[in-house]
Amino acid sequence: MSSPCDPQYAPAGDVGAALMMIDSRLKAMYGDGAETDPLQQQLTEQFTASLAPKDADDLVDGACTLIYMFMRWLRMAYEDHDKDVIECVVPGLVASLRMMPKSIRPEVIPTMAGLVVAAGTGLSPSLWRKQYGDWTKDEMNSLEATALLLAEHINRLTDNRDFAARMIAEAMSRATEG
């Protein structure tokens, strides 16, 4: 039986822009120079400030698509080892989000956990969230952090700092070829 939150009904959004932002944050986190460069920080801020409402919605949908794709990969990886993706991902994600009280408001953490559980069970994160109303300003940092933490989780599992971003870039390339 099909769900109204089935990914086939979800807009993909601007996955490229969302991936660019996550990859930039990953490089900063790993100390690869992006984001520590004031010019890179300024360009990122100018980009996000220049977004029209439709563009911002596309960026949010793109981040949700990344979360879905990351969780799909994680689900397959954990199932190969007879482990449950929800059990292996959500507690660490919640703990990490709780360690960022300046950026992540505590009341949005359950929403991010729900978003990840939805994606981990094969539902569209954006459609799952939409049933509870419009996105709030407070959820934007936590959405980006959630996508970032999932990408970093994948990179740690694969022992490859570029794996998550490369996986998405290759999937996008295959999608445009066919």
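The values are calculated or read from the model by the stated rules, or taken from the named source; none is laboratory data. None of the values given here were measured: they were computed from a predicted structure. Cβ placement follows ideal geometry from the backbone for every residue including glycine, while neighbour counts extend to all protein chains displayed. Note: accessible area is taken over every heavy atom of the protein model, side chains too, but ligands, DNA and RNA are not part of it. Shrake-Rupley method; radii C 1.70, N 1.55, O 1.52, S 1.80 Å.
Given a 1.4 angstrom probe, what's the average accessible area per residue across segment 68-116, in square angstrom? Could you put the intermediate results ahead of the total?
Values: 2900 Å² over 49 residues.
Accessible area per residue: 59 Å².
Here the peptides 56-66, 79-89, 157-167 are ranked by packing, the mean other Cβ count within 10 Å, and the order with the highest first is 56-66, 157-167, 79-89.
In this simple spin-label model, placing a label point 7 Å from the Cα along the Cα-to-Cβ direction at both residue 79 and residue 55 gives a separation of 3.8 nm.
Per-atom-type breakdown for the chain gives carbon and sulfur 54% of the accessible area (1.4 Å probe, protein chains only). Taking 0.36 nm per residue of sequence separation and removing the Cα-Cα distance, the residue 2/residue 103 pair yields an extension gain of 32.7 nm. If you take the Cα centroid of segment 49-108 and the Cα centroid of segment 131-164, the two points sit 4 Å apart.
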